[in-house]
């Protein structure tokens with residue numbers, strides 16, 4: 001019994017169909033950061049180190065790795081001292097993530113819009 005692919009394109013088309021059906025994706029391998037640093041070229045990459053990012057407005061901070069070089073330091077929960085970067089907005093204070101939207105209108109744009117386009121009866 002010949003398949004449609006074999007009839008239209010020959011036996012090689014059927015082999016291509018079979019290989020695509022049986023192909024399994026390779027398993028993802030993770031590389032430990034110390035191994036990655038050993039693989040990277042020396043003296044051309046910035047120093048990658050632990051840094052605390054702090055959102056003062058939301059009283060939220062998290063420890064991650066970064067290449068940024070802040071001048072301030074903070075003592076973290078584990079007792080170690082890390083450099084700290086103060087950010088204005090993070091996931092803890094951004095309206096999209098918190099679900100609280102706020103209207104910031106410093107120039108009166110909303111009132112101006114309402115005056116200009118309001119219906120007159």
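Using a simple spin-label model with pseudo-atoms 7 Å out from Cα toward Cβ, residue 109 and residue 59 lie 3.2 nm apart. Residue exposure proxy: 74, 87, 68, ordered by other Cβ atoms within 10 angstrom of their Cβ from fewest to most, comes out as 68, 87, 74. Cβ crowding within 10 Å, taken as a proxy for footprinting-reagent exposure, orders 117, 48 from fewest neighbours to most as 117, 48.
Read-outs: derived from the displayed coordinates by stated rules, not from any lab. Keep in mind the model is a prediction, meaning the values are calculated, not measured. As a convention, Cβ positions derive from the backbone with ideal geometry for all residues, glycine included, and neighbour counts pool all protein chains shown.
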